[in-house]
Amino acid sequence: MTAIDHPTPLVLVPETGGPGDFIRLEVSDLVIDVLTGIYSEETHMPQPLKVSVAADIPAPSRFAHDTPLSASKNYLDLRRAVEEGLPRELHFTLVEAVADHIIDTIFGGDARVTRVEVKIVKLALSQAGESIGMTLVRERR
């Protein structure tokens with residue numbers, strides 16, 4: 001008999017779940033067009049950026065089968081912070097400022113978020129499929 005067809009339910013280990021536990025919600029590889037850049041050829045039209053976001057929130061001691069979404073966070077909020085939270089008419093000189101704007105949007109949307117990481121790849125700079133970009137990590141103060 002295997003663990004998959006075992007007739008009795010698995011026993012949860014009560015020692016798991018502690019105060020340092022967290023959930024890392026992630027959305028990866030969203031491609032958006034943003035006005036960004038410092039060179040003259042970059043400043044007149046949006047350029048494609050690949051954005052990945054991770055946000056940490058404290059985890060409850062256990063997730064039961066019927067735990068409501070309010071015990072976690074809707075990861076679509078991360079997607080909206082990228083796709084809808086960036087002003088399309090605003091020119092960001094640095095992609096670091098784009099990342100900061102996304103981080104501010106996520107922190108402002110949920111007081112439980114303790115840490116946000118935003119990775120941005122400038123797709124227009126790639127010549128041979130490499131990823132050229134940066135990652136900004138901020139913790140709530």
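At a glance:
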{"quantity": "Among PRO68, PRO46, PRO60: highest mean-square fluctuation, GNM of the chain, C-alpha pairs under 10 Å", "calculated": "PRO68"}
{"quantity": "Rounded tilt (10° steps) of 95-109 against the dominant C-alpha axis of the chain", "calculated": "40 degrees"}
{"quantity": "Potential extension, THR135-THR16 segment - 0.36 nm per residue separation minus Cα distance", "calculated": "39.7 nm"}
{"quantity": "Length-normalised contact order of the chain in % [C-alpha pairs under 8 Å, at least 6 apart]", "calculated": "25 percent"}
{"quantity": "Most mobile listed residue (GLU84, GLU130, GLU26) in the chain, GNM with C-alpha springs under 10 Å", "calculated": "GLU130"}
{"quantity": "1.4 Å probe accessible area per residue over the range 9-141, in Å²", "calculated": "62 Å²"}
{"quantity": "Answer label, with mean projected area of the Cα convex hull in nm² calculated from the coordinates and candidates [x] 11.0; [y] 12.4; [z] 9.6", "calculated": "[y]"}
{"quantity": "Heavy-atom accessible surface of the chain: percent carbon and sulfur, 1.4 Å", "calculated": "56 percent"}
{"quantity": "Mean Cα-pair separation over length for the range 80-141, i.e. relative contact order, pairs under 8 Å, 6 or more apart, %", "calculated": "30 percent"}
{"quantity": "Of GLY17, GLY108, GLY129, the one that fluctuates the most in a GNM where the chain has Cα springs shorter than 10 Å", "calculated": "GLY129"}
{"quantity": "Computed helical MRE - 222 nm, the chain, DSSP H runs ≥ 4 contributing -39500 (n - 2.57), nearest 500", "calculated": "-5500 deg cm²/dmol"}
{"quantity": "Charge tally in the Cβ shell below 13 Å around LEU86, where Lys, Arg are +1 and Asp, Glu are -1, LEU86 excluded", "calculated": "-3"}
{"quantity": "The range 16-96, relative contact order in percent, only Cα pairs under 8 angstrom and at least six apart counted", "calculated": "40 percent"}
{"quantity": "Those residues of the range 105-133 whose amide nitrogen sits under 14 Å from the label point placed on GLU83, 7 Å along Cα→Cβ", "calculated": "none"}
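The values are calculated or read from the model by the stated rules, or taken from the named source; none is laboratory data. This one's a predicted model, so the numbers in the text were calculated from it and none came from an experiment. We place every Cβ from the backbone using ideal geometry, glycine too, and count neighbours over all the protein chains shown. These accessible areas exclude ligands, DNA and RNA; they are computed on the full protein's heavy atoms, side chains included. Shrake-Rupley method; radii C 1.70, N 1.55, O 1.52, S 1.80 Å.
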